[in-house]
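All remarks here apply to the structure that follows.
Read-outs: derived from the displayed coordinates by stated rules, not from any lab. What you see is a predicted model, and the numbers here were worked out from it, not measured in a lab. Here the Cβ positions follow ideal geometry from the backbone for every residue, glycine too, while neighbour counts run over all protein chains shown.
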Amino acid sequence: MAEDESAFRVSLDRIEEGLAVLLLRDDESIQFTLPRALLPGDAREGDILEIAIRRDVAATEEARQRVAERIARLRGKGKD
């Protein structure tokens, strides 16, 4: 696995009010929720799911550039 990504397994414990309650397989005392709509359509309670997280370097750089440009514009307006 690349340095800029992580993957782990969770158990789909239950669905409550449109939220999926997920338990980390390595330590089921750790739980978190995601909107049910983000899970595969056929996912059911008791299923084991793999979640992968990747850092999007290009999108991060673009966002940083946009923020820097906005800050520069705001600072420029204050000089009038």
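Within the chain, which is the longest segment containing none of the GluC sites (Glu not before Pro) that sit in a DSSP loop and have at most 13 other Cβ atoms within 10 Å?
Within the chain, the longest run free of exposed GluC sites (Glu not before Pro) spans 46-80.
Between 0 and 90 degrees, rounded to the nearest ten: what's the tilt of helix 57-77 against the longest Cα principal axis of the chain?
Roughly 40 degrees between the two axes.
Return the calculated 222 nm mean residue ellipticity for the chain, to the nearest 500 deg cm²/dmol, obtained by summing -39500 (n - 2.57) across DSSP H runs with n ≥ 4 and dividing by the residue count.
Theoretical 222 nm ellipticity from helices: -9000 deg cm²/dmol.
Given the C-alpha atoms of the stretch 5-77, compute the convex hull and give its volume per residue in Å³.
Spelled out: Cα convex hull of the stretch 5-77, divided by residues, is 144 Å³.
Restricting attention to the chain, which trypsin sites (Lys or Arg not before Pro) occupy a DSSP loop and are surrounded by at most 13 other Cβ atoms within 10 Å?
Loop-located and lightly packed - R44, R55, K79.
If you stretched the chain out fully between E28 and L74, how much longer would it get, using 0.36 nm times the residue separation minus the C-alpha to C-alpha distance?
Full extension from E28 to L74 adds 11.9 nm.
Show me, for the stretch 25-39, the HN-Hα J-couplings you get by feeding each phi into the Karplus relation (A = 6.51, B = -1.76, C = 1.60, θ = phi - 60°), rounded to Hz, glycine and proline as x.
Computed from phi, the couplings for the stretch 25-39 are 5, 6, 7, 5, 6, 9, 10, 8, 10, 9, x, 3, 4, 7, 8 Hz.
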